[in-house]
Amino acid sequence: MSVFLALLLGALGAWSGWGAYKRELEENRPGQPNKPGLPTIMVGRAIAGIFIGAVLGLSCFTVPAASVGVLYNPIAGGIQHNVVVTEGFHLVSPFTSRTIYSVQVQNYTMSHVQGEGNKQVIEDWILCQTNEGLGVYIDLTVLYKVDKTRAPELWANLGQSNDEIAKVFVRPIVREKLRMVVAQYSISDVYGGNRGSIQVEIDDLLRPIFELNGIQLNDVQLRDVTYAYDAFKNAITEKQAAQQDIQAERRRLEKATFERATKINDAQGDYNKMKVKAQALKENPDFVQFEMARTLAPRVKNIYMETPYGGVK
């Protein structure tokens, strides 16, 4: 910007000098003292234009969309902590340095797939050890963004750009805390159902550290887990399969036990019913004849049966 303005104003100065020289030739009369020639006028005005253009160029400051600017003025005491430059065009002192931070969500990925993560030419997954001392490789993505109200702190403490912040702060902190969390879990937990708990614990551990340094943590994503040695993977897979078989057998036994208990209860109920009925028959012998009469065909009009006391009823 400063170079462009310097050249532009220098060209305008030279053009102005040429115009002034032409006017001087037209107004020149005999007997008048000699006036500066064309080269002197043009060079002088060109130098003046370049100087003014350089000063203006150094003073112009444009902050792109979704960004904030921070100023450093050695005359005013260094980084201007009370000034956050918003989007748009600004004029500042030509002695002031400035830097720009994007306030959009940043994605920092560490992956074993070359070309996928931020380190695209190398395998950048994170080697961790479980509480058994077994190694696992973990792919991780961190989503975060700069707190624009604290941008001057970032320049003073972490770096002059988003890339420097990722290199100096985000990458080493995330790798360190991930290793600390994974070291508390077994290899089965990391590879199995407790992966979500590990992710939540890492998020809870990183969030206050990020906020302390002027960065807002949006999300932590455990993307992939790979054993350091294939033998571990095969052993864990076999163990998980055996556990699933044990659980299936336990469910089958529980079902059989329940069905057996149900049958026993049903049989006990039938026995109790029969016992009550037998006692009732013993106490009321006429009840047998009544039940026999009730079960005969509906068309029978009269039935004659012998009573316990003799005679026909």
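Remark: Glu153 matches the filter, which requires a residue to be under 30 Å from Ala76 (Cβ atoms), touching a His at 6+ places or on another chain (Cβ under 8 Å) and of a type in the set (Asp, Glu).
Those residues that are outside any strand (DSSP E or B), in contact with a strand residue (DSSP E or B) (Cβ under 6 Å, 6 or more places away or on another chain) and closer than 11 Å to Phe61 by Cβ, I need them from the stretch 94-105; list them, please. Please lay out each step first, then the result.
Here is the first cut: in the stretch 94-105, the residues outside any strand (DSSP E or B) are 94-96, 103-105.
Filter once more, keeping what is in contact with a strand residue (DSSP E or B) (Cβ under 6 Å, 6 or more places away or on another chain): 96, 103, 105.
Once the filter is applied, which keeps residues that are outside any strand (DSSP E or B), in contact with a strand residue (DSSP E or B) (Cβ under 6 Å, 6 or more places away or on another chain) and closer than 11 Å to Phe61 by Cβ, the stretch 94-105 yields only Thr96.
Using the structure shown, decide if Glu153 is in contact with a Gly (Cβ under 6 Å, 6 or more places away or on another chain), assigned by TED's automatic domain parsing to the domain that holds Asp219 and part of a helix (DSSP H, G or I). Reasoning before the result, please.
Numbers: in contact with a Gly (Cβ under 6 Å, 6 or more places away or on another chain): yes; assigned by TED's automatic domain parsing to the domain that holds Asp219: yes; part of a helix (DSSP H, G or I): yes.
Spelling it out, Glu153 is indeed in contact with a Gly (Cβ under 6 Å, 6 or more places away or on another chain), assigned by TED's automatic domain parsing to the domain that holds Asp219 and part of a helix (DSSP H, G or I).
When Leu143 is tested against (1) out of contact with any Ser or Thr (no Cβ under 9 Å at 6 or more places or on another chain); (2) without any contact (Cβ under 8 Å) to a residue 60 or more places away in the chain; (3) outside any helix (DSSP H, G or I); (4) of a type outside the set (S, T, N, Q), just one condition goes unmet, and that condition is (2).
Per-residue answers, yes or no, for (1) assigned by TED's automatic domain parsing to the domain that holds Phe169; (2) in a helix (DSSP H, G or I); (3) touching an Asp or Glu at 6+ places or on another chain (Cβ under 7 Å):
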| residue | (1), (2), (3) |
| --- | --- |
| Gln184 | yes, no, no |
| Val190 | yes, yes, no |
| Ser197 | yes, yes, no |
| Ile202 | yes, yes, no |
| Leu205 | yes, yes, no |
| Pro208 | yes, yes, no |
| Glu211 | yes, yes, no |
| Val220 | yes, no, yes |
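Contact map, the stretch 79-90: residues that are among the acidic types (Asp, Glu) paired with residues that are in a strand (DSSP E or B), Cβ distance under 6 Å, separation 6+ or inter-chain. Pairs shown: Glu87/Val63.
Would you be able to say whether some residue in the stretch 224-246 is outside any helix (DSSP H, G or I), at pLDDT 70 or above and under 30 Å from Val103 (Cβ atoms)?
From the stretch 224-246, those outside any helix (DSSP H, G or I) are 224-229; that's our starting set.
Applying the additional criterion that residues be at pLDDT 70 or above yields 224-227.
If we keep only those that are under 30 Å from Val103 (Cβ atoms) too, we end up with 224.
Yes: the stretch 224-246 contains one or more residues that are outside any helix (DSSP H, G or I), at pLDDT 70 or above and under 30 Å from Val103 (Cβ atoms).
Looking only at residues of the stretch 157-198 that are of a type in the set (A, V, I, L, M, F, W, C) and exposed (fewer than 15 other Cβ atoms within 10 Å of the Cβ), we find that the one that is nearest to Asn82 (Cα to Cα) is Val168.
The values are calculated or read from the model by the stated rules, or taken from the named source; none is laboratory data. Being a predicted model, the structure only gives us computed values, none of them experimental. Reconstructed Cβ throughout: ideal geometry from the backbone, glycine too, with neighbour counts over all protein chains shown.
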